[in-house]
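Enquirer: One structure follows; several queries about it will come next.
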2 protein chains.
Amino acid sequence: MNQEQYVIGKATLAKEASRKMAITDTVIKNKALIAMADALIEKKDIILDANSKDMENGKNKGLSNALLDRLLLDEKRIHSMAEGLRQVAGADDPIGETIKMWKRPNNLQIGQIRVPLGVIGIIYEARPNVTVDAAALCIKSGNAVILRGGSEAINSNTTISKIISAAAENAGLPQGCINFIETTDRDAVNIMMKLNGYIDVLIPRGGAGLINTVVKNATVPVIETGVGNCHIFVDTSADFDNAVDIVINSKTQRPAVCNAMETLLVHKDVAQEFLPKLAKKLNSIGVEMHGCHSTQNIIKNVKPAVEEDWSTEYLDLILAIKVVGSIDEALEHIYKYGTKHSECILTNNYLNSQRFLKEVDAAAVYVNASTRFTDGGEFGFGAEIGISTQKLHARGPMGLKELTTTKYIIYGEGQIRS
Amino acid sequence: MNQEQYVIGKATLAKEASRKMAITDTVIKNKALIAMADALIEKKDIILDANSKDMENGKNKGLSNALLDRLLLDEKRIHSMAEGLRQVAGADDPIGETIKMWKRPNNLQIGQIRVPLGVIGIIYEARPNVTVDAAALCIKSGNAVILRGGSEAINSNTTISKIISAAAENAGLPQGCINFIETTDRDAVNIMMKLNGYIDVLIPRGGAGLINTVVKNATVPVIETGVGNCHIFVDTSADFDNAVDIVINSKTQRPAVCNAMETLLVHKDVAQEFLPKLAKKLNSIGVEMHGCHSTQNIIKNVKPAVEEDWSTEYLDLILAIKVVGSIDEALEHIYKYGTKHSECILTNNYLNSQRFLKEVDAAAVYVNASTRFTDGGEFGFGAEIGISTQKLHARGPMGLKELTTTKYIIYGEGQIRS
């Protein structure tokens, strides 16, 4: 069997399963999610075995420590995956909600109701917990799912997906509701991207390279996730102590994620006073600074920023700093270099706060809070499948509701159109 | 200047304009829409002149009468375009709506607000009124628009777009808010499809060929519109007189549109009684029937249906008819051949009506009403930009709200993530 037949075989199973998933009761879906959690705990030794093969292969291939850490599973992480499944079981079922219903002058009663998307494809990289998280969210929202994980985690993912799909099917979900592509052949991704008629939406989760490949080549609808070149603008009226805390939190609390800040913009009237306070803290944490001319004149230990710095998502303990003449210059900089993810103003000026909220075009626009809050959990959505940085369908953190679509149902009494 | 420079030039103007459009007051947008309506009436002679050139070229090229009729403008049609603009001016502005706002335990106040998509590209075919309708909806929803019409209407469209964009700009809208691609070179379409970073969404309006080309080749997000292989299932308990009316209305009231019915499914237990009643009416209107074996045995004047009939969107006075053994067989037929547009059951059986509404996966699912109601105007949305047959972002008739996206705004008090 060649790659194409293999992937289409999985997709056919998923498509058939999606019809049944759409009309599966909430009770059964929740029972399945809990059975999946139990199965992970029960079979944790098999999972740890498979994971140790991936870890060994990874070490032999010379993967970085950061990547190896993402790949690693231990008892605690398996328990945390199971806990995630139980949380999704406890969340409200989005399917069947009547969003609105109204009557037309001719007495047609029209309702818009929430239904599953159908078959969701997820293409992701190293972390094996995505296999569980993504499957849980897709199932709870009444979809079937086709998962394609990174080659580094192939043993862990194959084992995990077998365990959870068997548990799901035993608990009453249709065969083929969870499908994992058990091959590291890159052709599988190319085939998935063109499976119109089988896959209703494809969600790439990972680095900019993966996301661009999918956006450029997919013919099935895609939800773009993740790239975040996020800014904080420190206005003249900002509370400096608080501003230092927010900048440090946004940059250093978890630098490798998309909602971490990458460039700091500081109003020229307060740069002289604010930057030294901030630099002290940045230096103590070991954050490398790349600054504009003015920044270099005010604080030491700053590498000269080059044009490329303004558009780089470092995902690391590096911060670009630019002194700007006005809020207008800050807005222009964000317009030019931002990726429409998360942007923040620190200010006590009412008009400036409102202008920033109105004029910045991004998934999340903040006044006086850390950009790190752009997250499904922090927004109160429960689990999250990713953060959409596109404008169609979903924008910002995506929870269960974003994995659904709607349909109109029309109750008639024999009406015809004149 | 080559095609690429030309199209990117237009797109750059549109992108700049979209920033200003997003923060333009409703009053100015409405003033502009009314000025556009006035300008169409005032300059109707210039438009009719341009249109007569298109009509002459069309006749010389041997366009069909149906196509020539779509292309034709007269005083009445120009007045109707102007009236459409006034109606959009009177509609509620979707921009700025707070969809929801909530407080998190840490006191972050998070709001989801409605904002424009940015730059919308519309690729369409013969009818010049789309130039006006699409521009109106895009502007009212705070977007800039790039229009690409069919080559047959190039003179009409160029003239109309110049008139309305001049009127819009004079009334205070930013330069470049309405852009028309004044070339019939097909490369322009290919370039538009790949303008990531300029065009936020591309909406093809027209036949299956155009839509497939855009879906397969675009790297910018697309909203797929239009193809409708719609079914009506006549159940045993249907009211036959009413069923005849609904079938006739769905098939013949305007056969060339996507919400017209293409295949009739009739339950075997009532076929003998129902089909002759219906055939009488179909024959009197001159509808050609392609039927299955059973159909041919019951009524005369029926061509044998071949496999292809079940998947054909005739868009003409032709009807495929199949006798089915049960509601299950009807559901299977619709699943196999339907395009998820509009599907209908005629029944007086409660369980069957609920099952059909639940199990059929389509943009609009009807009980006891004509499929012709799948339309923005008939649903009460005011004007319509098209009917989405995809599941992402918008499904079914798309009005002003479907031309928007959302952003999250977050009011903080210095919160950091722990």
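What follows is calculated from the coordinates using simple rules that are stated; it is not laboratory data. Quantities reported herein were computed from a predicted structural model and do not represent experimental measurements. In this analysis, Cβ positions are derived from the backbone assuming ideal geometry, glycine residues included, and neighbour counts consider all displayed protein chains.
Enquirer: Restricting to the protein assembly as shown, what percent of DSSP beta bridges are antiparallel, rounded to 5? Mind showing how you got there, number by number?
Expert: On the way: 34 of 122 bridges.
In the protein assembly as shown, DSSP labels about 30 percent of beta bridges as antiparallel.
Enquirer: Under 5 Å between amide hydrogens, which residues at least 5 positions from B:Q415 or on another chain qualify, with H placed 1.01 Å from N in the peptide plane?
Expert: So B:Q415 has HN proximity to A:S370.
Enquirer: Label the protein assembly as shown by shape, choosing from rounded, prolate and oblate, from the square roots a ≥ b ≥ c of the eigenvalues of the Cα gyration tensor; if a/c is under 1.5 it is rounded, and otherwise prolate applies when a/b is larger than b/c, oblate when it is not.
Expert: Numbers: a/c = 2.13, a/b = 1.28, b/c = 1.66.
Oblate is the answer for the protein assembly as shown, as a/c is 1.5 or above yet b/c matches or exceeds a/b.
Enquirer: Starting at the first residue of the stretch B:43-58, write each ³J(HN,Hα) from the Karplus equation 6.51 cos²θ - 1.76 cosθ + 1.60 with θ = phi - 60°, in whole Hz, x for Gly and Pro.
Expert: Each residue's phi maps through the Karplus curve to give 9, 5, 5, 4, 5, 5, 4, 4, 5, 5, 5, 4, 5, 5, 4, x Hz.
Enquirer: Taking neighbour Cβ counts within 10 Å as the exposure measure, how do A:C258, A:C230, B:C344, B:C292 sort from fewest upward?
Expert: Numbers: A:C258 23, A:C230 27, B:C344 31, B:C292 20.
By the 10 Å Cβ count, ascending, the order reads B:C292, A:C258, A:C230, B:C344.
Enquirer: Volume per residue, Å³, of the convex hull around the alpha-carbon atoms of the stretch B:1-135? It would help to have the intermediate numbers written out before the result.
Expert: Working: hull volume 23.1 nm³, N = 135.
Roughly 171 Å³ of hull volume per residue.
Enquirer: So if R0 is 22 Å, what FRET efficiency would A:V306 and A:K336 give, r being the distance between their Cβ atoms, rounded to the nearest 0.05? Mind showing how you got there, number by number?
Expert: Numbers: r = 15 Å, r/R0 = 0.69.
Taking R0 as 22 Å, the efficiency between A:V306 and A:K336 is 0.90.
Enquirer: Between their Cα atoms, which of A:K140/A:K194; B:K194/B:K216; A:K43/A:K162 are more than 22 Å away from each other?
Expert: On the way: A:K140/A:K194 26 Å; B:K194/B:K216 11 Å; A:K43/A:K162 11 Å.
As for pairs spanning more than 22 Å Cα to Cα, those are A:K140/A:K194.
Enquirer: With the cut-off at 1.5 for a/c, could you classify the stretch B:230-378 from its C-alpha gyration tensor as rounded, prolate or oblate?
Expert: rounded
Enquirer: Excluding A:N348 itself, calculate the net charge of residues whose Cβ lies under 9 Å from the Cβ of A:N348, where each Lys or Arg counts +1 and each Asp or Glu counts -1. Display every interim value, and only then the final one.
Expert: Working: positive: none; negative: A:D235, A:D239.
In short, -2.
Enquirer: Then there's this: Would you give the gap between the C-alpha center of the stretch A:390-418 and the C-alpha center of the stretch B:108-125, rounded to a whole Å?
Expert: Value for the Cα centre distance between the two parts: 17 Å.
Enquirer: Mind checking the full-extension length gain between A:D93 and A:D316? Use 0.36 nm per residue of separation minus the Cα-Cα distance, one decimal, nm. Could the numbers behind the result be given before it?
Expert: Numbers: separation 223, 0.36 × 223 = 80.28 nm, distance 3.75 nm.
Roughly 76.5 nm would be gained on extension.
Enquirer: Starting from 0.36 nm per residue, how many nanometres of slack lie between B:I8 and B:D245 once their C-alpha separation is accounted for?
Expert: On the way: separation 237, 0.36 × 237 = 85.32 nm, distance 5.11 nm.
Length difference between fully extended and current span is 80.2 nm.
Enquirer: Copy-to-copy spacing for A:N297, label 7 Å out on the Cα-to-C-beta vector, in nm, shortest first?
Expert: Once sorted, the set of distances for A:N297 reads 9.5 nm.
Enquirer: On a straight-distance basis, which aspartates and glutamates could pair with A:K10 in a cross-link, Cα separation under 12 angstrom, same-chain partners fewer than 8 positions away excluded?
Expert: Answer for A:K10, where 12 Å is the Cα cut-off: A:E182, listed by chain and number.
Enquirer: Sorted from fewest to most neighbouring beta carbons within 10 Å, what does the list B:I99, A:I8 look like?
Expert: Numbers: B:I99 9, A:I8 16.
Fewest to most other Cβ atoms nearby, the residues stand as B:I99, A:I8.
Enquirer: What lysines does B:K281 reach when the alpha-carbon gap must be under 22 Å and sequence neighbours fewer than 8 apart in one chain are set aside?
Expert: Those lysines meeting the cut-off are B:K251, B:K268, B:K300, B:K303, B:K322.
Enquirer: Shifting gears a bit: Need the list of aspartates and glutamates near A:K280 for cross-linking: C-alpha distance under 13 angstrom, and skip anything on the same chain fewer than eight residues off.
Expert: Output for A:K280: A:D241, A:D245, A:E288.
Enquirer: With n ≥ 4 as the cut-off for DSSP H runs, can you work out [θ] at 222 nm for chain A, using -39500 (n - 2.57) per run divided by the number of residues, rounded to the nearest 500?
Expert: Numbers: 16 runs with 188 residues, N = 418.
Calculated from helices alone, the mean residue ellipticity at 222 nm is -14000 deg cm²/dmol.
Enquirer: Same structure, new question: Give me a comma-separated list of calculated 3J(HN,Hα) values for the stretch A:170-183, in order, Karplus coefficients 6.51, -1.76, 1.60 applied at θ = phi - 60°, integers in Hz, x for any Gly or Pro.
Expert: Running phi through 6.51 cos²θ - 1.76 cosθ + 1.60 with θ = phi - 60° gives 4, 7, x, 7, x, 4, x, 6, 10, 10, 10, 7, 8, 8 Hz.
Enquirer: Here's something else I'd like to know. Mind sorting B:S151, B:S18 by how few other Cβ atoms lie within 10 Å of their own Cβ, fewest first? Please list the in-between numbers first.
Expert: Values: B:S151 15, B:S18 25.
Sorted ascending by nearby Cβ count, the order is B:S151, B:S18.
Enquirer: Find, among the residues of chain A, the one whose Cβ sits nearest the axis of the rotation taking A to B; state the distance in whole Å.
Expert: A:H393, 2
Enquirer: A further question on this structure: If you average the alpha carbon positions of the stretch B:141-178 and of the stretch A:277-345, how far apart do those two centres end up, in angstrom?
Expert: 40
Enquirer: In nm, to one decimal, how far is the modelled label at A:A66 from the one at B:E83, with both set 7 Å along Cα→Cβ?
Expert: 6.3
Enquirer: For B:G207, place a label point 7 Å out from Cα along the Cα→Cβ vector, do the same in each other copy, and report the separations in nm, one decimal, smallest first.
Expert: Distances to the matching label points in the other copies: 4.6 nm.
Enquirer: A further question follows. Using a/c under 1.5 as the rounded threshold, could you call chain B rounded, prolate or oblate? The axes a ≥ b ≥ c are square roots of the C-alpha gyration tensor eigenvalues, and prolate needs a/b larger than b/c, oblate otherwise.
Expert: Because a/c hits 1.5 or more and a/b fails to exceed b/c, chain B counts as oblate.
Enquirer: Further, regarding this structure: Residue-wise, which Karplus ³J(HN,Hα) couplings in Hz belong to the stretch B:375-380, taking 6.51 cos²θ - 1.76 cosθ + 1.60, θ = phi - 60°, and x for glycine or proline?
Expert: Each residue of the stretch B:375-380 in turn: 6, x, x, 5, 7, x Hz.
Enquirer: While we're on this one: Distances from B:E83 to the same residue in each other copy, label points 7 Å out along Cα→Cβ, in nm, shortest first?
Expert: 6.4
Enquirer: Under a 5 Å amide H to amide H cut-off, with H placed in plane at 1.01 Å, what residues pair with B:G121 once short-range neighbours are removed?
Expert: Amide H to amide H, under 5 Å and 5 or more residues apart or across chains, B:G121 pairs with B:I146, B:D200, B:V201, B:L202, B:I203.
Enquirer: Can you give the FRET efficiency to the nearest 0.05 for B:N349 and A:N297, using r as the Cβ-Cβ distance and R₀ = 60 Å?
Expert: 0.15
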